[in-house]
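These notes concern the structure reproduced below.
The values are calculated or read from the model by the stated rules, or taken from the named source; none is laboratory data. Just so you know, these numbers come straight off a predicted model, no measurement behind them. Here Cβ is always computed from backbone atoms with ideal geometry, including for glycine, and neighbour counts include all displayed protein chains. Just the protein is used for accessible areas: all its heavy atoms, side chains included, with ligands, DNA and RNA removed. Shrake-Rupley method; radii C 1.70, N 1.55, O 1.52, S 1.80 Å.
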4 protein chains.
Amino acid sequence: MSTHQHSYLAHDTKGDYLKRLRRIEGQARGLQRMVEEEQYCIDILTQVSAMTKALQAVSLSLLDEHLGHCVLEAARAGGPEAEEKLKEASDAIARLVRS
Amino acid sequence: MSTHQHSYLAHDTKGDYLKRLRRIEGQARGLQRMVEEEQYCIDILTQVSAMTKALQAVSLSLLDEHLGHCVLEAARAGGPEAEEKLKEASDAIARLVRS
Amino acid sequence: MSTHQHSYLAHDTKGDYLKRLRRIEGQARGLQRMVEEEQYCIDILTQVSAMTKALQAVSLSLLDEHLGHCVLEAARAGGPEAEEKLKEASDAIARLVRS
Amino acid sequence: MSTHQHSYLAHDTKGDYLKRLRRIEGQARGLQRMVEEEQYCIDILTQVSAMTKALQAVSLSLLDEHLGHCVLEAARAGGPEAEEKLKEASDAIARLVRS
């Protein structure tokens, strides 16, 4: 695997992402409990929205880090890889905007 | 708690929601593993988008069920509760659209 | 055309929608001017986001009105039309959430 | 105004954006006609969704162009401007994702 296939998550932010994803996993478990206990739909929906927002925030942070590391680095290096990295980032942004 | 505060999840769909939420919980765990192993950002982002879409589909199903049960029932009963239920559903839709 | 195919826009809200849509039309013209004058991409994007939010707010108002009139009315009347109206509203909500 | 405040819309794509925005302006006028004629809410909503999608596609194209020109250029030049450009692009992406 070429080096540019590496994630450029700094050591610090890695721990932060893990914490956020564990909280999101907990939200998924909380939702199961709410469904199990047949809680009110609107309350379940409110929780789903909160979880979706938390996931979206993770995406935006990941994308920022990706642009600030991989994409900038490729841009500096130049050549076809810069183009390719940008195309890849654009596609990821489009998926995010549409999801 | 009044009866209308109950979730109107049919027995069948309840199992279906639990299955979908367990899969989403699994996706959250998979994402932690990807971050742990420092996988490529774009691959992580693709997984986050898939998980967001799965959550969104759960929201839409829950909302459908809510409209088809609670809201219709309140509509038939009439009175201020119909208004209130509708307002509540509208707010949930707005949160969904904006999340 | 059957009566339920009518828009249930109250007289007052009709004027309000027209005003909002005219403002949105003006935003589309403003964007053309910005592109024509080669203004800064980020400033253009900010305007596109504002316009998208304005459109989304129109959707949510229309949907509220639709749920509060057509759907409630069909619910009270009962029968297959209630089901059909709900399905139609659900599909519109899904399009909104995904757009 | 410094040169980097310029839009990097290529001559060709400028014409394309203008064409797309004129079509969007036409959609805004079409919607006013639909409201004026009291057409069915769901049909109006379908048109609003189509228009929102068209706007979103314009945003994504603009963002692509911005990343591929301004941001890459700033990245190559390096220094604080690269950081600043990236922050600006990230904020625009966040606004897009949330709108």
(Q) Being at the interface with chain B (Cβ under 8 Å from one of its Cβ atoms) and either assigned to a helix (DSSP H, G or I) or of a type in the set (D, E, K, R) (or both): is that true of C:Val48 here? (A) no
Q: Only one of these is among the aromatic types (Phe, Trp, Tyr) and in contact (Cβ under 8 Å) with a residue 24 or more places away in the chain: B:Tyr17, B:Tyr40. Name it.
A: B:Tyr17
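Table: residues versus (1) open to solvent by 20 Å² or more (accessible area, probe 1.4 Å); (2) more than 7 Å from chain B (Cβ to nearest Cβ); (3) farther than 30 Å from B:Gly15 by Cβ; (4) touching a strand residue (DSSP E or B) at 6+ places or on another chain (Cβ under 8 Å).
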site: A:Arg20; (1), (2), (3), (4): yes, yes, no, no
site: A:Arg29; (1), (2), (3), (4): yes, no, no, no
site: A:Glu38; (1), (2), (3), (4): yes, no, no, no
site: A:Asp43; (1), (2), (3), (4): yes, yes, no, no
site: A:Ala54; (1), (2), (3), (4): yes, yes, no, no
site: A:Ser90; (1), (2), (3), (4): no, yes, yes, no
site: A:Val97; (1), (2), (3), (4): no, yes, yes, no
Q: Output the number of residues of region C:56-67 satisfying the condition of being open to solvent by less than 10 Å² (accessible area, probe 1.4 Å) and small (Gly, Ala, Ser).
A: 1
Q) Can we say A:Cys70 is surrounded by 20 or more Cβ atoms within 10 Å (Cβ to Cβ) and in contact with a His (Cβ under 6 Å, 6 or more places away or on another chain)? A) no
Q) Of the conditions (1) in a helix (DSSP H, G or I); (2) modelled with pLDDT of 90 or more; (3) over 15 Å from the mean Cα position of the chain (by Cα), D:Ser90 fails just one. Which one is it? A) (3)
Q.
Taking the condition of being more than 10 Å from chain A (Cβ to nearest Cβ) and in contact (Cβ under 8 Å) with a residue 24 or more places away in the chain, how many residues in region D:70-84 meet it?
A. 2
